[in-house]
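Before any comments, here is the structure.
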Amino acid sequence: IPFDTIPEYKNKSLMVYEFDAADLLQSNMYPAIARSFRKAGFQWATQFAYDPMAIANVNTEYQTHYLNLAYTPAKAISMLIASKVFHSLPRKKSYGSYPADSTFGPFRVSYRESLSEMKTAKEFYYSNSTKTAVEPSKLEHIAGVGSSAVIGYDGSGAYFLDKLEAGVWRLELMPDAIVIRDPFEKASPRKEVTRIEWSTNTLLVTLPGLGADFSVTGLNEGNANSGSAIKNRIQLQPGTYLLTAKGITSSGTKKVSGVIGLNEFVAPAELNKEIFVQHEPFTEVSAGKAFVLKAKVAGLDSGKVFLMLSSSGSTGWGKTIMMSRVSAGLYTAKIPAELVVPGKISYRIITEQEKKYTSFPGNVKEEPWLWDAYHNETWNTFVTPEKTKLVIYNPTTDQKISTYPSYRPGYRTTYITGEDPQQLIVKLAASSLTGDHVMAFQHFIGDKLAGRADELAFFKRLMIRARTTNPQPVKLKLVVTSEDAFSYSGEVTLSDEFRDMVVTLDSLAPDSALLLPRPYPAFMPLYFKADDTGVAFKLAHVEKIQLIAGYDLTPVETDKPFAVEVSSVWLEK
């Protein structure tokens, strides 16, 4: 808090006007934010904005913020847990440095698992599937997304279970929410980003007081669903239900769950039933290694999903592979090793419903085997031989980068042409580097590493081709950060000519990383370093890379123009 040494503030209330984890769908941030507020002594805090139900499907509210129980269920459960954090943790108490502070009191947060979690004797809340052990006989309140030790659920909506009396629970089950587009891209009322589906999903309940054959009765208006569980499992649609153990008749003395009426239920209707497939292909994969493709599929009430695939050495569509439903909207397919030969794999994802076919990419509504089917859109993945280098940053194709500074007079990030045809170079240039005396950019590389996961242990060198337009040599720091927020760096020296420079991976040393995008307000720290004691560098855990320049300049040098140009960054064995 920048004003904590000013005497006049000593006895004032501490309030946060607005907060959020901007541009994120991860569900691990809110409890950590609440913990930090309590550590700093705050007594009152309000989140920036939630999305009204009527427009949450397109996220045209204040777009960088996206929070709604129906459309972002995991983030909503995370916010529920954050409220518990803020009301239960003492003020001014520290829980150590990251990663030790990922567990605090009855709470836990995990970026790897995209998880916020709260576990007490009576309450168990989680924003994503968790393997945490609990004592189920003492639980009275459960809320979650995904599956846990007491609830198994293959839908993607949130659910709430509240114990009314011995052997009697109220269940509220929200519809599936399937993210089909990036909700933080350019927004439009005509551009759906999250699809609501009222699907029938399997619910597994293992609560000792209910038994394996509990009965289920629909409560909300229009919900006539009822039945009995078989081996703790039952198929249910969204709504509110009364779960009753066999042989028990509810006394009727408990008519509400907290302040919520037993039959009270609000959820958005299905606004769109058109079939839609969202898929991100691997840029490249390793030859001779099987790999798994994932796709989000919306609008498929019944039917099947399959791949039509051709690989190097085959003609036409050489293979059809069925995709399997993993959970609501999520389908996967394993590409066998014998098809993964050096060259290129091209494929389509086809949905079939009531003998009607739709092909993606392209959203082509025609039977793909017809003799006059002429659409040829495909996804493509390159298959690389064993000793091939792995390009992790190519300015021609990798332009979703975070830069620092981002908004400052005299600073520009541009893409220019250079020594190779059809190859762009990223240029960071400033009229001066006064202020933080640093310029940088960050790029996510976790997806590129994932495609060649089986080879990562054999890469030995981090390579960069770059130069400076300054007359004097310039130092450039290469920082790689893992999914556990541990950062490691190496350094090269740029001249005024493009050169290939090397940093051996075994020479990378623990270091700080810039927090990009820059935290706001600007008094917040620009750098972050985790407590990495005893943590060894592993390329398989890396998610992003930063290139940082200007950090070693003298005060006189920061007043002069400064520029760095980068052509490529890659890994070699």
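Tell me the angle of helix 73-88 to the major Cα principal axis of the chain, expressed in degrees between 0 and 90 and rounded to the nearest ten. Value to nearest ten degrees: 90.
Ranking of MET29, MET79, MET308 by solvent-accessible surface, largest first: MET29, MET79, MET308 (1.4 Å probe, protein heavy atoms only, all chains present). With R₀ set to 41 Å, the beta-carbon distance separating TYR527 from ASN380 gives a calculated FRET efficiency near 0.60.
Taking all protein chains into account, the per residue accessible area for the chain stands at 49 Å² (1.4 Å probe).
Of the trypsin sites (Lys or Arg not before Pro) found in segment 1-60, those in coil by DSSP whose Cβ has at most 12 other Cβ atoms within 10 Å are LYS10, LYS12. With the charge dipole of the chain set up from +1 on Lys and Arg Cβ and -1 on Asp and Glu Cβ about the Cα centre, the Cα lying farthest toward the positive end among the listed residues PRO189, LEU433, TYR98 is that of TYR98. Only protein atoms count toward the accessible area here, which uses a 1.4 Å probe; on segment 377-448, the carbon and sulfur part of that area reaches 51 percent. The GluC sites (Glu not before Pro) of segment 421-509 meeting both criteria, a DSSP state outside H, G, I, E and B (loop) and at most 11 other C-beta atoms within 10 angstrom of the site's C-beta, are GLU497.
For segment 23-137, how big is the tail of P(r) above 21 Å, as a whole percent of Cα pairs?
39 percent
The phi torsions of segment 434-446, fed into the Karplus equation with coefficients 6.51, -1.76 and 1.60 and a -60° offset, translate into couplings of 5, x, 7, 6, 8, 10, 6, 9, 10, 9, 7, 10, x Hz, rounded to whole numbers, with Gly and Pro shown as x.
Along the charge dipole of the chain, pointing to its positive end and built from +1/-1 on Cβ of Lys, Arg, Asp and Glu, which listed residue (GLN442, VAL556, PHE42) has its Cα farthest out? Working it through, the farthest residue towards the positive pole turns out to be PHE42. Across the chain, the relative contact order, built from alpha-carbon pairs under 8 Å that are at least six residues apart, equals 10 percent. Taking the protein heavy atoms of segment 507-573 in the context of the full set of protein chains, the accessible area attributed to carbon and sulfur is 62 percent at 1.4 Å.
Eigenvalues of the alpha-carbon gyration tensor of segment 104-211, scaled by 5 and square-rooted, set the equivalent ellipsoid semi-axes at 29, 18, 11 angstrom, largest first. When you filter the trypsin sites (Lys or Arg not before Pro) in segment 341-450 for DSSP loop state and at most 15 other Cβ atoms inside 10 Å of their Cβ, you are left with LYS355, LYS365, LYS387, LYS389, LYS400.
For segment 417-573, what class follows from the C-alpha gyration tensor (a ≥ b ≥ c being the square roots of its eigenvalues): rounded when a/c is under 1.5, otherwise prolate if a/b is larger than b/c, else oblate?
Verdict is oblate for segment 417-573.
Each part gets one Cα centre, and for segment 421-442 versus segment 180-233 those centres are 49 Å apart. Each residue, ARG408 and SER250, gets one label point 7 Å from its Cα in the Cβ direction; the gap between the two is 6.1 nm. Between 0 and 90 degrees, the angle of helix 29-39 with respect to the longest Cα principal axis of the chain falls at about 80 degrees.
Here the extension length gained between THR217 and ILE55 equals 55.1 nm, from 0.36 nm per residue of separation less the Cα-Cα distance. Under 5 Å from the amide H of SER147 lie the amide H atoms of SER129, THR130, TYR153, each residue being 5 or more positions distant or on a separate chain, with H modelled from the backbone and absent for Pro and chain starts. Annotation: amide H of ALA466 within the under-5 Å range of ARG499, MET501, SER567, sequence separation 5 or more or interchain, hydrogens built in the peptide plane. Taking every alpha-carbon pair under 8 Å whose residues sit at least 6 apart, segment 205-287 reaches a relative contact order of 27 percent.
Entry note, segment 384-432: relative contact order of 33 percent, from Cα contacts under 8 Å with a spacing of 6+ residues. Label-to-label distance, ASN232 versus LYS400, with points set 7 angstrom from Cα along the beta-carbon direction: 3.8 nm.
All C-alpha to C-alpha distances of the chain, sorted into 20 Å bins beginning at zero, yield P(r) values of 17, 46, 31, 5, 0 percent in whole numbers. When ARG108, ARG461, ARG233, ARG195 are compared by accessible surface with a 1.4 Å probe, the order from highest to lowest is ARG233, ARG461, ARG108, ARG195. For the chain, a simple Cβ point-charge model (Lys and Arg +1, Asp and Glu -1, everything else neutral) yields a dipole of about 900 debye relative to the Cα centre.
Semi-axes of the equivalent ellipsoid for segment 331-428, computed as √(5λ) from the eigenvalues of its C-alpha gyration tensor and ordered from largest down, come to 38, 21, 14 Å. Shown in residue order for segment 487-504 are the 3J(HN,Hα) couplings computed by the Karplus curve 6.51 cos²θ - 1.76 cosθ + 1.60 at θ = phi - 60°: 10, 9, 9, x, 9, 10, 10, 8, 9, 8, 10, 5, 9, 8, 10, 10, 10, 6 Hz (x for Gly and Pro). Applying 0.36 nm per residue to the separation of ALA373 and ASN272 and subtracting their alpha-carbon distance, the gain on full extension is 33.7 nm. Residues in segment 191-205 carry Karplus couplings, in order, of 10, 5, 10, 9, 9, 8, 10, 8, 8, 8, 10, 8, 10, 10, 10 Hz; the curve used is 6.51 cos²θ - 1.76 cosθ + 1.60 with θ = phi - 60°, and Gly or Pro positions show x. A straight line joining the Cα centroids of segment 10-61 and segment 84-140 runs 18 Å.
The values are calculated or read from the model by the stated rules, or taken from the named source; none is laboratory data. Remember, predicted model here, so these are calculated numbers, not experimental data. Here the Cβ is made from the backbone with ideal geometry for all residues, glycine too, and neighbour counts use every protein chain on show. The accessibility values were calculated without ligands, DNA or RNA, using every heavy atom of the protein model including side chains. Shrake-Rupley method; radii C 1.70, N 1.55, O 1.52, S 1.80 Å.
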